[in-house]
Structure formats: structure tokens, C-alpha cells
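Values in this text are rule-based calculations from the coordinates and carry no lab data. From a predicted model like this one, the values you see are computed outputs, not experimental measurements. Cβ atoms come from the backbone with ideal geometry, glycine included; neighbour counts cover every protein chain shown.
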Amino acid sequence: MKLILRQMGLYRGKITISMAIKLAGAMTELLIPYILEHLIDEVVPLGRLELVLLWSALMILTAILTRQLNVWANRIAIDNAHRVSYDVRQALFARTANLSGAQFDRFGLPSLISRMTSDSYNVQSCVQALQTMCVRMPMMLLGGIAVTLAMDAPLASILLVIVPVLVVVILCVSRYGIPLYRRVQARLDEVVRVMREDITGIRVVKALSKTAYEKQHFARENEAMTRADIRASTIMAIPGPLMQMCLNLGLTLVVWVGARRVYTGAIKPGVILAFLTYFNMVIQGVMGINRIFIMLSKATASANRIEQVLSLEPDQRVLLPEEAKTPQGEEFIRFEHVSFHYDADAGDGQEREKCLSDISFALKRGESLGIIGPTGCGKTTIVNLLMRFYDVEEGGVFVDGRDVRTYQLDALRRKFGVVFQNDMVFYNSLRENIRFGRPLEDRALLAAVEDAAAMEYVGSLDDGLSHQAEIKGANLSGGQKQRMLIARALAGDPEILILDDSSSALDYQTDAALRRAIQAHHSRSTTIMVAQRVSSIQSMTHILVMDDGRAIGYGTHQELLETCPAYREIYRAQMGALA
């Protein structure tokens, strides 16, 4: 709730105007039954048509004014709510984009997506309701009671008995709303996760004839969320029927008691008509307050989930030089006895198997490193630590003679050109996918396309670099996609070029052409290539052989053939297959 109030505070001027107009509209609405009572009891008995028409016109004008004030207030409230929601989404996106790898893993992508979509929408709905319903409904309730007390206290006592009962019920039920809706949002996270996985992997699902299986999987998660939502909505709906019953009972009592008082001459007939209208207003006010509590329960649960992300303190601060480690050599890139595991913050006290254990290597500027090993051996983790997506637990990672933790993250990552495994092609032109917001001319883009061995493909397109790539590059083949991603990495002429299994979809001839182009035109870049094929890395200055998080071989291609049995086995298996 603090998040909602804090964001509303940024627009307090416009919100105050909206609420003031809404208050004026509620006050004019309260006048309508009073004018009706006066018209029936005081004006009509006079038998003067002009007075009847005058008061009737006043009643119509009051109704029109009420409508216009409410429309005006609602428009301002909607605009304010959208602005607050926009700010929340912007802040949430910016904070999500700056989460460390460990923090991102802690929340998970589906949860972050649902916080940015459904949770921010709940906040928007709440902000709008706070400006409209939170003014009008209490005014209907309190104003209606005040006017009826002034008109006839005995009839008003019916309201004074019924309303407190309903308010107590609403407060008791609403105590359970926030935890229930928090569970609903957590279940929604799971539904988003399963949906995202199934849609992303739909080709695999269809290829393995597992459509029915995944439908059942999604149905289970959908059913769990639906049950949680039904439970929350059922409990929060308890006051509704009770209010309706009290409304009917109250109306009956008003008519019965009012008729007796008219019969005794204590009040006039118009009072009963006015009371019936005011009674409806008061009960609407109570029911509206109930809806406000339901909306607040949802919004508070959502705001708390958003606040969990926004209030998260950065866990990767920039170290001062005196706090950082000092490299033991002058090489451009150095790993010194690095150890790491991903669940370091789990905090359960259990010993965890390390993803990397005592990794050391060094590269001079312009040298190259090939990393090879079985799946899950820690190859990509080395890249993650070098770019400081995660921080090392033991040892040190150094770039250009400095601990990577002493760099501002943007300054560090501007040194890199990277192609990750399963990297993203965005829904945009090939030109903008390669340029990616950098001030690069078409000449540099075409040179990168040439070096990435993609010129033949781009040249075959009628619109060339203006060709539109579909979402996730759906209209590109695997090889075409990888070559566009490599062109993106090369276009900025980076100091450090990282290719993480980026040639797996390329044939051997294209892969060889790519390596030749990198050596010829990007020799100043220090290159790190993660690969599964020996042919992709055998010309590298250094080769690191990984297995189960450990370095089991390091040297040139020829040295490893002589000293590393695992590398020799990989080489013979692959070269034999080629033969």
C-alpha cells in the first residue's frame, strides 16, 4: 500500500482536483432526493404550476450537473491512474533490467512478467478507485445518514442499526483478502511459467506428440489458480448477499415505519420517498466500500509483490580500488583460482557442489581462448562471471588489470560483443537487430554482416537490411539467426568478443569462413569462444578443457592432443566422424 500512496503523491495536485470534483458531484447527488421531498410536500400542495415547473427544472439541472461532475472527475481519475501505472511499470522494468543474475534467478522470469502485467494493472485499478469510489461511496454513506437524521431521526435509526453491522462484516472478511489474493498471484506466476514454456517450446511439444500431456499440465496449474481465485472471491463476496438482505429488510422497515408516522402526522409522504432514495444511497455506499476493500486487497497484494522488486537493494556494488583484489599478472583478462556456485544465497547451511572450482587462465590483448567440454561443465558460467552477471565467491576476475567489481557495470559491458546460447532476435528489421541502438552507420553494419558470413543471405533479400525479422527470428533459419547475432556482436568492434556456442547451426565451411574473418578483421579483439566442436577452437591461442566445473586441460591444440586424454578423445571422435 505504501507503493500506491507514494506513486499517487507524485500527482497529488491532479488527484486532489479529481477528488474535489467527485466530492462536489456526490454532494449535488445528495440534493436530488431532498429537492424531490420538498417538491412533493411543500410545492405541489400550493397548486402553483410555475413553482412545480421551477423546482422540477432545478431537480433536472441538479441531475445533469451531477452527471457532468462525475464524468469530469472520472476522466481525470482515469488519466491519473494510467500515469501512476505507467510510472510503476517503468520503474519495475528499469529495476528488473538491473537485477543481478542471482536476484533474477530468485524471482524467476514468469513471476517478473506477472508483476509487470497483472500486478501493475491491479495497482492502476486501485488508484482509479481511490479517486472515485473512495470519495463518492463514503459521501453517500455519511451524507445520506446525516441528511436522514436531519429529516427524521426515528426513520434514520433504521440505518444506524443496519450500517454498523455491515461495516463490521466487511472489515472482518477483508482481513483475509490480502493473503488470499497473494496466493492467487503466486498461482498466476506458475500459470505464466507453464504457458511461456509451452509456447516457447511448442515445436518440441508437437514433435514429440506431447500436446495432450502439456494440456493436462497446464490444466493442473490453471485449476490450482482457479481454485485459489474462487476461494478468495467467495470469501470476499460474503458481504454482498448480506447487504442485499439488509437492503430489502431496511426498505421494508422504512415503508412500514414511515407509513405509520405519516398516518400519525409526524412526517409527510414525500419524506418516505426521499428516505427510500437515501436508504438506497447509503446501502450503495456500504456496498461500494465493500468493493473498495476487495480492490484494495488485490491491489495491496500486488503492490507488495511489486515493492519486493523495487525495494531490492543492488547486490553488486562497485568496489573501491583499495577494496578490490590485485591481479598477479598484467594480462588483459585473468581468472585467478575462481570458484562459484549459483545458489550461494540459499542459506540452508548445506554444502553445495560448486559450478566452478579453482579456475585459472590468462589472456593477453588480442589473444583467443576456446572453451570446450560436456554440457553443464561450467563453460557459460565463466562468461557470466567475466561480464559480472554474477560475482565470484573465491578468487578474482580481472579485465585490463582491474578487478571487474571496480567497474561501473555499463562501462565493463561496453567492452564486450557477445552472442549467447539461444540469443534473442527481436521483432524489428535486420538493420536494427544488428545496430541495437548504437550509433553505427550502415557501412559498419554491412562489414559486420560480411564478417559473419551472412552477406549472401542479406544480399538475396529484396529489402536487404530493412527485412523484417519476426518475433524471436521465427522467419529465419537457425544458421541465419546465428549469423545475424554474430554480426551484432562484431558491429561494435568490441575489445572482448564472446561467442558462446554461437556456431552450432553453421556448417563447417561457414564456420571456417567466420573464424578467418574474425582473425583478419578483428585481431585486436580478445576472443573467447565456447564450442562443442574442436574444429571451431583448434586455431585459438589457448584452449581450456572443462569437466564438472574443473579445468582438466589448458594449452594449445597441439599441446592438448599430447597432454589431455579427454581432449584427445573428443578430437578423435569428431575428426573420425568427419572422415
Tilt, helix 211-236 to longest principal axis of the chain (alpha-carbon atoms), in degrees rounded to tens, equals 30
To test your reading of the geometry: what angle, between 0 and 90 degrees and rounded to tens, separates the Cα axis of helix 565-578 from the longest principal axis of the chain? 90
Can you compute the equivalent ellipsoid semi-axes for the stretch 119-213, i.e. the square root of 5 times each eigenvalue of the Cα gyration tensor, sorted largest first and rounded to whole Å? 51, 15, 10
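List the trypsin sites (Lys or Arg not before Pro) in the stretch 425-476 that DSSP assigns to loop (not H, G, I, E or B) and whose Cβ has at most 12 other Cβ atoms within 10 Å. Which are they?
Numbers: sites: Arg431, Arg435, Arg443, Lys472; in loops: none.
Hits after loop and neighbour filter: nothing returned.
Kirkwood Rh and Cα-based Rg: tell me the resulting Rg over Rh for the stretch 187-268, rounded to two decimals. Spell out each step's value before the answer.
Details: Rg = 27.1 Å, Rh = 17.3 Å.
Rg divided by Rh gives 1.57.
Need one number: convex hull volume per residue for the stretch 357-420, Cα atoms only, in Å³.
Values: hull volume 7.0 nm³, N = 64.
Value for the stretch 357-420: 110 Å³ per residue.
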Shape box of the stretch 226-362 [Cα atoms, principal axes, largest first, Å]: 105, 33, 22
Short to long, in 5 Å steps from zero, the percent of alpha-carbon pairs of the stretch 1-44 per bin is 5, 19, 13, 13, 12, 9, 8, 7, 6, 5, 2
Using only the alpha-carbon atoms, what does the stretch 24-119 span along each of its principal axes? Please give whole angstrom values in decreasing order. 82, 17, 15
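Rounded to the nearest 0.05, what FRET efficiency do Ala212 and Ser504 have when you use their Cβ-Cβ distance and R0 = 41 Å? Before the final figure, lay out the partial values.
Details: r = 31 Å, r/R0 = 0.76.
Once rounded, the FRET efficiency stands at 0.85.
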Would any residue of the stretch 390-407 have its amide N under 16 Å from a label point 7 Å out along Cα→Cβ of His337? List them or say none. 392-398
Quick check: Cα centre of the stretch 182-205 to Cα centre of the stretch 90-115, how many Å? 16
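Cα convex hull of the stretch 439-579: how many Å³ per residue? Working shown, then result.
Values: hull volume 19.7 nm³, N = 141.
Hull volume over Cα atoms, normalised by residue count, gives 140 Å³.
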Students often check this: by mean Cβ neighbours within 10 Å, which of 209-216, 515-522 ranks highest, and how do the rest follow? 515-522, 209-216
So what is the orientation-averaged projected area of the chain, using the convex hull of its C-alpha atoms, in nm²? 37.8
Convex hull around the C-alpha positions of the stretch 511-572: the volume in Å³ per residue is 86
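Does the stretch 464-510 come out rounded, prolate or oblate by the C-alpha gyration tensor, with a ≥ b ≥ c the root eigenvalues, rounded set by a/c under 1.5 and, if not, prolate when a/b is larger than b/c and oblate if not? Could the numbers behind the result be given before it?
Working: a/c = 2.01, a/b = 1.25, b/c = 1.61.
Oblate.
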Using 5 Å bins from zero, what percent of all Cα-Cα pairs in the stretch 282-325 falls into each bin? 6, 17, 11, 12, 9, 10, 8, 6, 6, 5, 4, 3, 2, 1
Would you mind pulling out the separation of the Cα centroids of the stretch 1-67 and the stretch 120-169, in Å? 16
Anchor Lys364: aspartates and glutamates whose Cα lies under 17 Å away (excluding residues fewer than 8 positions away in-chain): Glu330, Glu331, Glu336, Asp400, Asp403, Glu495
At most 13 other Cβ atoms within 10 Å and a DSSP loop assignment: could you name the GluC sites (Glu not before Pro) in the stretch 425-476 that fit? Glu441, Glu470
Could you tell me the distance between the Cα centroids of the stretch 473-511 and the stretch 263-299, to the nearest Å? 68
